[in-house]
Structure formats: C-alpha cells, structure tokens
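**Student:** Have a look at this one.
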Amino acid sequence: MQHLLEVKDLQTTFFTPSGEVKAVGGISFNLDKGKVLGIVGESGSGKSVTAYSILQILTHPGRIVGGSVKFHGKELIGIPEDEMRKVRGNQISIIFQDPMTSLNPVYTIGNQLMEAIILHTNRNHEQAKERAIEMLRLVGINEPEKRIHQYAYELSGGMRQRVMIAMALACEPDILIADEPTTALDVTIQAQILELMIDLQKKLGMAIIMITHDLGVIANMCDEVVVMYAGRICERGTAPEIFYRPRHEYTRGLLRSIPNIENDDKTRLIPIAGTPVDLLNLPKGCPFAPRCERAMKVCLSEFPAEYWVAQDHIASCWVNVLENIGAPLEALGGQDAAKGIKTGGEEAAQ
Amino acid sequence: MSETKAFQPDPQYLVQVRGLKEYFPISTGFTQTTMLKAVDDVSFDIKKGETLGLVGESGCGKTTVGRTMLHLYKPTAGEIWFGGKKIEKGPVMTEFRKKAQLVFQDPYSSLNPRMTVGDIIAEPIDVHKLCANKKERSERIQALLTMVGLSSEHATRYAHEFSGGQRQRIGIARALASNPAFIVCDEPVSALDVSIQAQVLNMLEDLQKQLGLTYLFIAHDLSVVKHISDRIAVMYLGRMVELASSNELHHNPLHPYTISLLSAIPAPDPDKAKQQKRIVLKGDIPSPLHAPSGCPFRTRCSRCTAICAQVNPEFLEVSPKHFVACHNL
C-alpha cells in the first residue's frame, strides 16, 4: 500500500562552527490519508527540524544529508526548487509555533492570505479575496470582511493562530504540519484551537502532523504517535499502544514524570534522571542510554534497531531485543509476526 | 475602610494580604492616561509551611500579585502582613526583603551573564551582609549549591554554561541564600522540559520539607499547580474568582471560569480524552484596560444574567474554606 507520506532514514545535519549537529539522525515513519500523526519530544529532540526537512525550509547551516521523503510516491528530496515550491504551501503546508512572529506586521492579514491563494491557484484578485473571507469564516473569525483589512497587531494570540490556520488551509493541502500550534496560547484558547483543528480535519479530510511536547495534546488529537529523543525515534505506533503499552524507557519516563491531575494524594513525581544529551557529542550507542535506568553494555556501544513489538508498534530499545520481544522490522512477516507478541508494560500506563 | 483598620493578624498565617491593588498608568493618548488595573482588590492568607497555588491565564495579574506582595512594585492600595507585622518602610521592610524571596520564570534572562554562579548566589548574602568573611561566604555558596543538587565546582562557572534546568536550580539557590521563610515561585517550571520539570518540582517539595518554607506557587498549568499546592486560587482579569483546597477545587469547582479552565486541560490519556467533555469558552480574554463592568468574566460566561453587568460579585465563603466570586452559583 502506498502511503501519503513516506519518510525513510531522513538525516539532517547542522554544520555549525563548533561541529556537526545531527539534529535528525535517520528517522523513518509513514503517514496515511486522513490520519493525525503526533511527534512528541523535548526541546532539541529534532521534531521541528523533521518538519522543516519535509518541507525543505531549513535555514543555513542546516542541510538534509540523507534519506528520502516520498509524497504520493514521488521523491521530494533533490527535486528542483521551483517544483518544491508547488508542493510547499499548496499540498503540504505548515502552521508555526509563534503566531506573533510568523505573520508579517506590515501587510494586512487579507493581503497575506490572498498571496498564498493567488500563488497556488488560478483565482484572480476578486476571487482570492472571496476565498480569503471564506477561509476566515471557516476558522471561526467573526466579521471576516472587516478583518482582512486589519494588521496582525490588531488581533489577539488565538485570533492570529486562527489566521495562520486559515492561511495554511487556503489551498486545501493534503498534509497540514502543525509545529507546536498551541504552545504560545492559554489553556482556554488552546482548547478552542484544538477543537477547531479536529473539526476542520473531519470536514476537509487532510492528514495532520502534530508536533508538540505536550502529551495531553497528543492524547486528544492523534491516531499515531512518534516519540523522538536526540534526533532519533524511540518508538512509534498507535496512540493507545504508546500510552498504555510503551516499550521504550524514555516514553515510560515521560509518562511517569507528568503530574496527574486526577491524583489526590500527593505522590512524588518520578523524574527522568540526568540532563538532555548534548547533540554535539552524541553517545555512540542509544542516545538515551546515559539517562536510562535499564541501560546495558550494548546500549552504550550500538544503536538499537527498530523492532516490531506489537502490531502497529515499533520500538528501538535493546531491552526488548534481549527479552525476545518482537521481530526485526526487516524480517519476513514482521508486522504479522508481531501479532502473536504478548504485550507487557501495562505498569507504565498509569 | 473601617474593616481594614481593625485588621488583626492571625498568628497561624505567615502571609496575609488584604485588599491588594496594583494599577499601572498607561498613556492612551497625547495627554491621556488610563489606569490598567492589573490587580484589583485581592485578599488571601498563606499558612506557615503551606503552598498556595495561583493560576490564571496570561494577563490575569498573577505575576503582579507575586511581585506586589514582595514590594517589588509599590502597591496602589492594600496591606501585606508578614509574620504578624505590617510591611512598610523602615526596618520591617529590610527584614522582609531578607525573609521573602522570588524565583523567576525565565532561567535565561534572570541570571546575570557576566557574574559567576557563585557571585549570583551570594548576591543576597552580600546585600544583607550575612557572612562575616570570605571563607564563610564560600562555604555558604558550597552548601547552597549542594542543596539544589549542583556540585561545588560549578561556583566559578558562568550561567551560559548550564542547561535550563540547572539554571533554574541556580535561581532557586539564590532565593535560598538569605534563609528566607517565604518564596514566591513565579512559573518556575514552565520554561523547562517535562522530564526536567519533574526534577525541579521534587526539589522544591524537598526544600520545603527540609527548611520549612512557605510558597506562593504561580503557574498557568493546573496539573502542576494541583500537584504541588495545598490550596489553589484562580485569578481572572486582576480579580480572584475562586479559592479552595486543591482537591476541593478539582472535584467541586464552583466558578464557571474554574470549571471551563479544568475542562480545557487535555488529559494525557487517549481513552479519557475521548470521554472528556470540554466546555470551550467563546471569545478572548478582554483587555484589562477596558475590563467589562461588573463581573470581569461575564463576557465569556454561560450563566451571565442582568446583575452580572452591574455589580461585581463579592468574594464569599460559600462552604468551609471555599471562596467564590459569582452571582449565579
């Protein structure tokens, strides 16, 4: 089956004066039509760089150094810039984290909305304006006829993020990448924006890549989850698999370390020991090994391969291999073989 | 204001705040100034050894409450009582400055990049002349560094050499330097990653037990506040709308704003998320410069009636130790 987006062994490196930073160190995942994929990880784990690499909007000194990104079966890496431009903003579009700085302060929001529409469709100025108003109405902005003549500074944070969403959806993309769309917003406004995104996703049927560090947002929005640490994927799978049967120590640690609001007796949080890894001096083996409670000798010297640990659940952790859980990704009947696997790890679900 | 004059401090409370107001003049024209009511008539008490959580969205005045309480801003009106004494100019203030400290939100901009970590931590010691000689001072720095889980050789390094979590530890060590009794933690973990956040929260709890500290914990993340606080106060547009013990507030929220705030938190659990009924508030937070008349929440409230536009509801104790400001409970 052909996936809508197929990322394979993607590698992106920043060539900084102090050394090479492997921001994304060979990751693979697929996205199907109409699905919501969440990428979760801490700052510096490479989740935004993954998004920028898919769209090829990396800034100097970052460069994609290997791997492939296939969209509708067509390779995107290495195609000429003018072809990429037809994809970007048209078929794959992005919402940035900070709605305050990603809108141009000297153009009206109508002007910025129409720019994308005129660039990617055959509409003339009048039709583009109509489309812009229609889009603003779709994202729940009142009096859109008035709003298109306003500037970004006249709108609140939540309104600006709605404008960003309208802009990203104006050309009816197949994939919408949302890079921390609600991090800069308050909880009640975040609830509004998430509701809007779920609504629009159902209405328009696009696929969404949701990048966030908030496990709550992931649980609310996503069908599938990718957990990243230090530019690598720890594990990926369906949301219930990742939340209830995590098979990587990092995911378990993350789930344990967030305070649970349902908890009335004040149980102590269990933090992940140590500090995030320095990307300039990545350890040789698994990047999480220095902080991992169950780290073994092999973890320090070799990076664990991806293993099917259940159907629809892939993890990269030596503990699974050692405990004979799962089947190698490349093995014959990998996913089917994974069907018979007994799933453990329920203890971390709470 | 006969009531405030008759105010007698209650010895079981370390901090008591009565009718605190903080207005900022904002120029709104060539000759015009409008008063921005950042904090408008807020009263509360904090027991010794207790943690009071203060939540609200951006612009609700929670940081201003923390800073005005510490007299970093001069209060427009209201009284702050600390350990049975009213805080005013003079020797009481000097003592108060020593006993009440602040941990800042942003661990990047709150540490001087030109000072060594040792000097940053020792600044309160130097200001209040708490150490007699250099040896004593450096011993104190070492002790403070160990207390927050850093090692003593870190004293000679500069802030930029540390990660966000470590910087926040430095900020906490600085706050502890003058042996305070009360610390205002202004969003101490919101700039940190989840895995580091848990480390810092645990450390704050340990320090509280060890040193008998009292915290005012300001944050926008309700699950973090619920975890660390004994009681929680909810603010909206410069006013306190609800105050109750943290479990009571979670299970039995009474103010419509608290109810929607609680329902807006996305549960980190896919099954629960599906069942979760969100009450999505309409509209944005009004500008505090043009706050609505009467109850500040009425423009977004589902229970709004005619009286809400006219009279600001009083902050009343509706059940034991549960205060709410709402006309339509």
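**Student:** For the protein assembly as shown, with only Lys/Arg (+1) and Asp/Glu (-1) charged at the beta-carbon, what is the dipole magnitude about the Cα centre, in debye rounded to 20? Before the final figure, lay out each step's value.
**Tutor:** Values: 73 positive and 76 negative charges, 250 e Å.
Value, rounded to 20: 1200 debye.
**Student:** On to the next question. Residue by residue through segment B:132-148, what is 3J(HN,Hα) from phi via Karplus (6.51 cos²θ - 1.76 cosθ + 1.60, θ = phi - 60°)? Round to whole Hz and write x for glycine and proline.
**Tutor:** 6, 9, 5, 5, 4, 4, 5, 5, 5, 4, 4, 4, 5, 4, 5, 4, 9
**Student:** Then there is this: Once neighbouring chains are kept in place and the probe is 1.4 Å, which whole percent of the accessible area of segment B:13-324 is contributed by carbon and sulfur?
**Tutor:** Ligands and nucleic acids excluded, carbon and sulfur give 52 percent.
**Student:** Continuing with the same structure: Please give the solvent-accessible surface of A:K203 in Å², to the nearest 10, using a probe radius of 1.4 Å with every protein chain present.
**Tutor:** 130
**Student:** Given springs between every Cα pair under 10 Å in a Gaussian network model of chain B, which of B:Q199, B:Q101, B:Q275 has the largest fluctuation?
**Tutor:** Comparing B:Q199, B:Q101, B:Q275 in the GNM, the peak value goes to B:Q275.
**Student:** Largest first, how would A:E143, A:E115, B:E205 line up by accessible area (1.4 Å probe)?
**Tutor:** I get A:E115, A:E143, B:E205, largest accessible area first.
**Student:** Could you work out how far the C-alpha centroid of segment A:208-243 sits from that of segment B:263-285, in angstrom?
**Tutor:** Taking the Cα centre of segment B:263-285 as reference, the centre of segment A:208-243 is 18 Å away.
**Student:** Continuing with this model, one more query. Would you list B:R231, A:R294 from the most to the least accessible area, probe 1.4 Å?
**Tutor:** Heavy-atom accessible area, descending, gives A:R294, B:R231.
**Student:** Between A:G326 and residues 5 or more places away or on another chain, which pairs have amide H atoms under 5 Å apart, with H built 1.01 Å from N, and which residues are they?
**Tutor:** It is none; the list stays empty.
**Student:** How much solvent-accessible surface does A:E81 expose, in Å² to the nearest 10, with a 1.4 Å probe and all protein chains in place?
**Tutor:** Around 90 Å² of this residue is reachable by solvent.
**Student:** Could you check which residue among A:I242, A:I39, A:I133 shows the biggest mean-square fluctuation in a GNM of chain A with a 10 Å Cα cutoff?
**Tutor:** A:I133
**Student:** Highest GNM mean-square fluctuation, chain A, Cα pairs closer than 10 Å: which of A:I141, A:I54, A:I117?
**Tutor:** With Cα springs under 10 Å in chain A, the top fluctuation among A:I141, A:I54, A:I117 is at A:I141.
**Student:** In square angstrom and rounded to 100, what buried accessible area do you get between chains B and A, total over both, with the probe at 1.4 Å?
**Tutor:** 3800
**Student:** Suppose a student asked you for the relative contact order of chain A, using Cα pairs under 8 Å spaced at least 6 residues apart; what percent would you report?
**Tutor:** On the way: 658 pairs, mean separation 63.2, N = 350.
So the answer I get is 18 percent.
**Student:** Counting Lys and Arg as +1 and Asp and Glu as -1, what is the net charge of the other residues whose Cβ lies under 13 Å from the Cβ of B:T299?
**Tutor:** +3
**Student:** On to the next question. Anything over 20 Å Cα to Cα? Flag those among B:K37/B:K62; A:K70/A:K284; A:K8/A:K35; B:K48/B:K209; A:K33/A:K74; B:K21/B:K62, in the order listed.
**Tutor:** Flagged as over cut-off: A:K70/A:K284.
**Student:** Right, something else. So in segment A:119-242, what percent of DSSP beta bridges are antiparallel if you round to the nearest 5?
**Tutor:** 55
**Student:** Same structure, new question: Pull out a ≥ b ≥ c, the square roots of the eigenvalues of the alpha-carbon gyration tensor of segment A:222-297, then state rounded if a/c is under 1.5, prolate if not and a/b is larger than b/c, and oblate in the remaining case.
**Tutor:** oblate
**Student:** Angle between the Cα long axis of helix A:125-138 and the longest principal axis of chain A, 0 to 90 degrees, nearest 10?
**Tutor:** Approximately 50 degrees, to the nearest ten.
**Student:** A further question on this structure: So how far, in whole Å, is the C-alpha centre of segment A:3-73 from the one of segment B:43-65?
**Tutor:** 42
**Student:** Sticking with this one: Taking only DSSP H segments of four or more residues, each worth -39500 (n - 2.57), what value at 222 nm results for chain B once the sum is divided by all its residues, to the nearest 500 deg cm²/dmol?
**Tutor:** Mean residue ellipticity at 222 nm (helix-derived): -9500 deg cm²/dmol.
**Student:** What are the ³J(HN,Hα) couplings of segment A:274-288, residue after residue, when phi is run through the Karplus curve with 6.51, -1.76, 1.60 and θ = phi - 60°? Round to Hz, x for glycine and proline.
**Tutor:** Once θ is set to phi - 60°, the couplings for segment A:274-288 become x, 10, x, 6, 7, 5, 6, 10, 5, x, 5, x, 6, x, 8 Hz.
**Student:** Once the Cα atoms of helix B:194-211 and of chain B are each reduced to a long axis, what angle between those two axes, in degrees from 0 to 90 to the nearest 10, is obtained?
**Tutor:** Computed tilt is about 70 degrees.
**Student:** How much of the DSSP bridge set in chain A is antiparallel, in percent, rounded to the nearest 5?
**Tutor:** Just about 65 percent of them are antiparallel.
**Student:** Going by a ≥ b ≥ c, the root eigenvalues of the Cα gyration tensor, does segment B:13-324 fall in the rounded group (a/c under 1.5), the prolate group (a/b larger than b/c) or the oblate group? Show your work: numbers first, answer last.
**Tutor:** Numbers: a/c = 1.91, a/b = 1.49, b/c = 1.28.
Prolate, because a/c is 1.5 or more and a/b exceeds b/c.
**Student:** May I ask you to find the residues of segment B:254-272 that are shielded by at least 40 Å² of accessible area once the whole protein assembly is considered instead of their isolated chain (probe 1.4 Å)?
**Tutor:** B:A264, B:P266, B:P268, B:P270
**Student:** Sticking with this one: Compute the acute angle (0 to 90°) between the alpha-carbon long axis of helix A:109-120 and the principal axis of greatest extent of the alpha-carbon atoms of chain A; round to the nearest 10°.
**Tutor:** For A:109-120 against chain A, the angle is about 80 degrees.
**Student:** Show B:F217, A:F15, B:F7 ordered by accessible area, largest first, where the area counts protein heavy atoms only and the probe is 1.4 Å.
**Tutor:** The ranking, largest first, comes out as A:F15, B:F7, B:F217.
**Student:** Now a separate question. Label the protein assembly as shown by shape, choosing from rounded, prolate and oblate, from the square roots a ≥ b ≥ c of the eigenvalues of the Cα gyration tensor; if a/c is under 1.5 it is rounded, and otherwise prolate applies when a/b is larger than b/c, oblate when it is not. Intermediate results must be reported in sequence, preceding the final value.
**Tutor:** Values: a/c = 1.80, a/b = 1.29, b/c = 1.40.
Oblate is the answer for the protein assembly as shown, as a/c is 1.5 or above yet b/c matches or exceeds a/b.
**Student:** Rounded to the nearest 10 Å², what accessible area does A:L204 have for a 1.4 Å probe in the complete protein model?
**Tutor:** Answer for A:L204: close to 80 Å² accessible.
**Student:** In peptide A:219-231, what is the residue-averaged number of other protein chain Cβ atoms found within 10 Å of each Cβ?
**Tutor:** On the way: counts 10, 11, 3, 2, 1, 0, 1, 0, 0, 0, 1, 0, 0.
Average neighbour count from other chains, rounded to a whole number: 2.
**Student:** Please give the Cα centre distance for segment A:118-181 versus segment B:95-127, rounded to the nearest Å.
**Tutor:** Spelled out, the Cα-based centre of one part sits 45 Å from the other.
**Student:** Which whole number gives the average, over all residues in B:188-197, of C-beta atoms from other chains lying within 10 Å of the residue C-beta?
**Tutor:** Whole-number average of other-chain Cβ neighbours for B:188-197 is 6.
**Student:** What does DSSP give for chain B in terms of the percent of beta bridges that are antiparallel, rounded to the nearest 5?
**Tutor:** In chain B, approximately 65 percent of DSSP beta bridges are antiparallel ones.
**Student:** Got a sec? Which residues in segment A:287-326 would a label at A:I270 touch, if it sits 7 Å along Cα→Cβ and we count backbone N under 17 Å?
**Tutor:** A:291-295, A:319-320
**Student:** Can you list the HN-Hα couplings for segment B:171-180, worked out from phi with the Karplus curve (6.51, -1.76, 1.60; θ = phi - 60°), rounded to whole Hz and with x for Gly and Pro?
**Tutor:** x, 6, 4, 5, 5, 7, 4, 9, 6, x
**Student:** Write down the accessible area per residue of the protein assembly as shown in Å², having rolled a 1.4 Å probe over the full set of protein chains. Could the numbers behind the result be given before it?
**Tutor:** Values: 30280 Å² over 679 residues.
Per residue, the protein assembly as shown has an accessible area of 45 Å².
**Student:** May I ask you to order A:180-189, B:308-317 by the average number of other C-beta atoms within 10 Å around their residues, highest value first? Don't jump to the answer; show the numbers that get you there.
**Tutor:** Details: A:180-189: 22.4, B:308-317: 14.6.
Descending mean neighbour count gives A:180-189, B:308-317.
**Student:** Only counting protein heavy atoms at a 1.4 Å probe, give the residues of segment B:220-249, ordered by number, whose accessible area falls by 20 Å² or more when the other protein chains are present relative to the chain alone.
**Tutor:** The answer is B:H220, B:S223, B:K226, B:H227, B:N247.
**Student:** Further question: How many partner chain Cβ atoms sit within 10 Å of a residue's Cβ in peptide A:205-216, on average, as a whole number?
**Tutor:** Mean shielding count: 2.
The values are calculated or read from the model by the stated rules, or taken from the named source; none is laboratory data. In this text, all values refer to a predicted model and were calculated from it rather than measured experimentally. FYI the Cβ positions are ideal-geometry reconstructions off the backbone, even for glycines, and counts take in every protein chain you see. Only protein heavy atoms, including side chains, enter the accessible area calculation; ligands, DNA and RNA are left aside. Shrake-Rupley method; radii C 1.70, N 1.55, O 1.52, S 1.80 Å.
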